[in-house]
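Have a look at the structure below before the remarks.
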């Protein structure tokens, strides 16, 4: 504490409190790309780590604002705490959505099928008749009478 604070505390008869120790904050999430994995996996891992970091910091902020709200008993402090809790909950939902999106991305290649159910011919009727005639010529059926000849 400074000399001024010590002097004011002495005049007012207030005991000096030791300085409050602050927690060390974790550094921001570093982006590490693994060359053997694809962009989707690297982006997923980076986003997931960022969401975890945001959630942890949000929980620390909630604890701090709740302490302030308890000390001050001011309605605005409780309102801010409620909003912060809502924001952390939204971040948790985004983390879950991220997992679902990754799952959907990995399942897309497996869902495709080679079956064509509805085919549409784009062209004139003359072209359609020509194409059908060519198919008939190629797939000529042989009747039993023709085999005896």
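Here, each number is a calculation from the coordinates, and none is a lab measurement. Predicted, not measured: the structure shown is a model, and the values here were computed from it. Cβ placement follows ideal geometry from the backbone for every residue including glycine, while neighbour counts extend to all protein chains displayed.
Could you list, bin by bin from short to long, the percent of Cα-Cα pairs of region 66-110 in 5 Å steps?
Percent of Cα pairs in each bin: 5, 21, 14, 12, 11, 9, 8, 7, 5, 4, 3, 1.
I'd like to compare 131-138, 96-103: which one has the highest average count of other Cβ atoms within 10 Å, and what's the full order after that?
Numbers: 131-138: 9.6, 96-103: 12.1.
So the peptides 131-138, 96-103, ranked by packing, come out 96-103, 131-138.
What would the Debye equation give as log₁₀ I(q)/I(0) for region 34-109 at q = 0.16 Å⁻¹, counting only Cα atoms as equal point scatterers?
At q = 0.16 Å⁻¹ the computed log10 ratios are -0.66.
Taking the highest mean first, how do the peptides 41-48, 68-75 order by number of other beta carbon atoms within 10 angstrom per residue?
Packing proxy ranking, top to bottom: 41-48, 68-75.
Starting from the Cα of residue 98, step 7 Å along the direction of its Cβ; do the same at residue 126; then give the gap between the two resulting points in nm.
6.1
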